[in-house]
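Take a look at the structure below.
The values are calculated or read from the model by the stated rules, or taken from the named source; none is laboratory data. Keep in mind it's a predicted model, so treat the numbers as computed, not measured. Positions of Cβ are backbone-derived with ideal geometry, glycine not excepted, and every protein chain shown enters the neighbour counts. When the accessible area is computed, the model is the full protein with side chains, heavy atoms only, and any ligands, DNA or RNA have been set aside. Shrake-Rupley method; radii C 1.70, N 1.55, O 1.52, S 1.80 Å.
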Amino acid sequence: YFWKRYHNSPPLSTELEREIEFDDKQYGGLIAAQVLVNHGVKKLYTLTGGHIAPILVGSKALGIKVVDVRDEVTAAFAADATSRLIGVPGVACVTAGPGLTNVITAVKNAQLAQSPLVLLGGATTDILKGRGSLQDIDQRAMLEPHVKCFEHVSCVGEIAPALERAFAVSMAGTPGPVMVEFPLDLLYPEATVRQWYEREMRGGTSIGSKLVAWYVRRHVNRIFDAPQPLPLYRPLLPVHPLAGQAQVARARNYLLKAQRPVLVIGSQAVLDLAGIALLVKAVESLGMPTYLSSMARGLLGADHPLQMRHRRSVALRQADVCVLAGVTCDFRLGYGQSISSGAVLISANRDPVDLRKNRTPTLGILADPSQFLRQLATVLADSTAAQWEPWMAVLRDHQAAREKEIDAMGERECQFMNAVKVCRHIDAALTDSSVLVADGGDFVGTASYIVQPRSPLSWLDPGVFGTLGVGAGFAVAAAESRPNSVIWCLYGDGAFGWSIAEIDTWVRFKLPIVAVIGNDACWMQIRRDQHDVFGDDVAAMLRYTSYERVAEGFDAKGFLVQREEDLPGVLAQAQEIALGGCPVIVNCLLDRLDLRRGSASL
């Protein structure tokens, strides 16, 4: 169905088709850039390399902002975050060999987070593949397990169709990353490439030399004399599958009988950016106690009466109907065992595997979860709120009890600062336009209890893969996507190590980023349980490193904060400096707390 829809899509206007046709001024890199423009790409994330230089030059020529970073993995993380924030596949462009090996973690993270990332990768020429040329490896074998499709382009005429397919596939069904591989000789201008090959042949007169010359010229002719590219198609709008009317009716009937329902909303429910406002209205209309996870954090703003933030596992064990909207029964839900075995489980998910992973739902709906909730709201709206009020009161008591526990932990005397109070101050400093990026373990976990995103799509975390090191790339994308917002990066001191070199990127592009480091001089989430079990903290200890001085070395602004009374003023100053175009690093020295004992997931 998808491919039939794709090939039957109407062509672009004649004017746009002419823009892609070959002429003396066209070259492969420029053709690739034009396809990006046609798909609404405004930013291209990269670390430069000779294999991909024509794409970068072509992109700049056509008005795409080329954002060059200090590690290829940052470029891919930035593309992932861009996809989540603006609904257009983010694009990263990296050079061959090590450039691609460096991005594997980020590509896998995007796959598991279901982000429609498009990765453009350089490669050696087809004629030299397997002959020991620079940075030549089997890139397909390396990347193919982690992407929805791997496209190898073998001639200039294939560039546009291959990229068209890549964008379409990345958004279809369960979104995810795709890879397009470009041999370097089809990206450069034809005259330049022919000169390269003629120079290397050196005009030998032997039969062997003449055969080599014939073979090489045949290769070059095949690259540039290929048939004209197929007409480009309009960028496809993703088709969101709908739940059947009978399924919606069954869900309604289960909820009409429910006394203790729980709704859990995950990242997949906010993939449809255009429908977020309608999703919020649907959730409010349904009136169920709601837990938000990952990219869905902030969907209801701060302090919404329906949102529950603590003791989710207790609520799930007590619920008689549980609705999962784009949430998988993986380790985060105890592989499905966190939900009472006697509960009715209604699950809506785009992915057929995730829909039934570890636990078969009572009612499994292969559909977009946002669309399902909106359909459900039309048949259930406001009809059950009164019968659920006693249950809501029970859950609010759970919330209040947990808040008291957190407050009590925040009153513990410390040599430096208490992480709970630091997070309270961060939350107080946020504005309605603030965007939060989470990169860390224990400190970020503590922040997730306390810091409340103010609006939809204002919280970025890695997702199910739990990847440390996403912070710099996510922050770059957030700053480029929301130029009038302050981007607050919440870092553990361990995780910040991956981002240090990218302070240079933040400074060069004058990005409004405030990085707050919860510095407890260890890998606390690992150290705590490791020490409890083995009595040994080997490899789990760090130093109270002067990260603020590192920031100054990159011409950013750095603050060292050791006392709580100094923090509100520093955060206010940091926000003002960041809005002026200078990124800020706030190094908060913390004592080690036991708030999250037993939180390590294995």
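When the accessible area of the chain is computed with all protein chains present and a 1.4 Å probe, what percentage of it is carbon and sulfur? With neighbouring chains kept in place, the figure for the chain is 53 percent. In the chain, helical runs assigned H by DSSP with n ≥ 4 each contribute -39500 (n - 2.57); averaged across all residues and rounded to the nearest 500, the mean residue ellipticity at 222 nm is -12500 deg cm²/dmol. Placing +1 on the Cβ of every Lys and Arg and -1 on the Cβ of every Asp and Glu, with no other charges, gives the chain a dipole of roughly 1380 debye about its Cα centre. Ignoring lysines fewer than eight residues from Lys210 along the same chain, the ones with Cα atoms less than 25 angstrom from its Cα are Lys129. Determine the percent antiparallel among the DSSP beta bridges restricted to the chain, to the nearest 5. Of those bridges, close to 5 percent are antiparallel.
Summarising the label geometry, the points placed 7 Å from Cα in the beta-carbon direction at Leu242 and Ala385 lie 2.7 nm from one another. Most simply put, segment 433-557 has about 5% antiparallel DSSP beta bridges, counting only bridges with both residues inside it. A simple rule links phi to the HN-Hα coupling: the Karplus curve 6.51 cos²θ - 1.76 cosθ + 1.60 with θ = phi - 60°, which for segment 117-126 gives 8, 10, 9, 9, x, x, 7, 5, 5, 4 Hz, with x for Gly and Pro. Candidates Cys322, Met409, Ala32 compared by Cα position along the dipole of the chain: farthest toward the positive end lies Cys322, with charges placed on Cβ.
Applying 0.36 nm per residue to the separation of Leu542 and Lys404 and subtracting their alpha-carbon distance, the gain on full extension is 46.6 nm.
In this structure, the residue pairs whose Cα-Cα separation is over 25 Å, taken from Lys404/Lys557; Lys357/Lys404; Lys43/Lys108, are Lys404/Lys557; Lys357/Lys404. In plain terms, the chain from Leu579 to Asp397 could stretch by 61.5 nm, reckoned as 0.36 nm per residue minus the Cα-Cα distance. Highest mean packing first, where packing is the average number of other Cβ atoms within 10 Å per residue, the peptides 348-360, 150-162, 66-78 line up as 66-78, 150-162, 348-360. May I ask for the angle, rounded to the nearest 10°, between helix 276-286 and the longest principal axis of the chain, with both axes built from Cα atoms and the value confined to 0 to 90°? It is inclined by approximately 30 degrees. Per residue, the solvent-accessible area of the chain (1.4 Å probe, heavy atoms of protein chains only, all protein chains present) comes to 41 Å². Per-residue packing, averaged as other Cβ atoms within 10 Å, sorts the ranges 111-120, 240-249, 463-472 into the order 111-120, 463-472, 240-249, beginning with the highest. Highest mean packing first, where packing is the average number of other Cβ atoms within 10 Å per residue, the peptides 525-538, 266-279 line up as 266-279, 525-538.
Summing charges over all other residues whose Cβ lies under 9 Å from the Cβ of Asn102, with Lys and Arg as +1 and Asp and Glu as -1, gives -2. Taking Cα atoms only, the orientation of helix 567-579 departs from the longest principal axis of the chain by about 30 degrees. Here the gap between Thr431 and Asp225, fully extended at 0.36 nm per residue and compared with their Cα-Cα distance, gives a gain of 68.5 nm.
Cβ-Cβ distance of Ile137 and Asp532, R₀ of 45 Å, FRET efficiency by 1/(1 + (r/R0)^6): the value works out to about 0.55. Which of these values of Kirkwood radius over Cα pairs in Å was calculated from the structure shown: (i) 25.9; (ii) 31.7; (iii) 24.6? The listed entry that was calculated here is (i).
Which aspartates and glutamates, if any, have their Cα less than 14 Å from the Cα of Lys281, not counting same-chain residues under 8 positions apart? Within the straight-line limit of under 14 Å, Lys281 reaches these aspartates and glutamates: Asp382.
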